[in-house]
Amino acid sequence: MALLADAEAKGARVISLAPAGEPAYDRAARKIAPILLLDVDDGMTVMQEEIFGPILPLRSVADPTEATAYVNAHPRPRPLAAYHVGDDPARQQAFAAVTASGALVINDITCHVSIDSLPFGGVGPSGVGAYHGIHGLRRFSHAKPVVVQSPDGASNLRLRTPYADTLAMLTAMLKA
């Protein structure tokens with residue numbers, strides 16, 4: 001609620017998506033309805049913190065180049081997810097190619113979190129690595145290789161010289 005109060009005090013428009021007759025926020029029920037924030041800027045705390053709640057700040061841009069520049073601007077941390085809205089496949093691919101984020105969702109928001117077959121995680125401060133399903137198992141465990149040499153030594157033939165006959169001949173010459 002502090003993020004919303006700060007954004008509203010700094011000029012953001014707060015749009016509650018609460019069902020008719022329900023409050024946007026119910027402290028007793030510990031419930032917050034989905035909320036859109038319009039007219040946000042980087043001076044608002046909601047644009048500086050990771051949001052763990054149903055709050056979606058929407059930042060308008062004049063053109064795709066401005067959107068790309070905003071996502072890539074330093075020292076801004078890389079986002080946990082970037083969202084591209086638009087049906088032009090060339091623009092979708094261009095945005096994906098020139099931005100760095102933990103995930104990219106096209107024409108939707110946050111759905112990547114619920115797809116267990118996809119890795120979930122960010123880059124840099126927005127999260128380390130990727131987890132969910134097999135990705136999490138691999139990320140948070142260590143696969144320990146165990147090699148047992150076969151009695152005839154065949155398991156490491158790829159590391160042996162291909163010149164076994166030459167080696168035998170040289171060894172015999174050195175002993176002579």
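Remarks
- Segment Ile134-Thr166, length gained on full extension (0.36 nm per residue, minus Cα span): 6.7 nm
- Taken along the Cα-to-beta-carbon direction at a fixed 7 Å, the label points for Glu22 and His74 span 4.4 nm.
- Gaussian network model of the chain, springs between alpha carbon atoms under 10 Å - residue of Gly153, Gly11, Gly53 with greatest fluctuation: Gly153
- The distance between label points at Ser60 and Ile15 comes to 1.0 nm (points 7 Å beyond Cα on the Cα→Cβ vector).
- Extension gain, Ile106 back to Lys31 (0.36 nm per residue minus Cα-Cα distance, nm): 24.2 nm
- FRET efficiency estimate (nearest 0.05) - Cβ-Cβ, Asp88 to Asp41, R0 30 angstrom: 0.65
- Share antiparallel - DSSP beta bridges, region 1-156, percent rounded to 5: 50 percent
- Computed [θ] at 222 nm, deg cm²/dmol, the chain (DSSP H ≥ 4; -39,500 (n - 2.57); rounded to nearest 500): -7500 deg cm²/dmol
- Answer label, with Rg/Rh (Cα atoms, Kirkwood Rh) calculated from the coordinates and candidates (1) 1.35; (2) 0.94; (3) 1.31: (3)
Values in this text are rule-based calculations from the coordinates and carry no lab data. All figures in this text were calculated on a predicted structure; none of them were measured in a lab. Don't worry about glycine lacking a Cβ; one is built from the backbone with ideal geometry, like all the others, and counts go over all protein chains shown.
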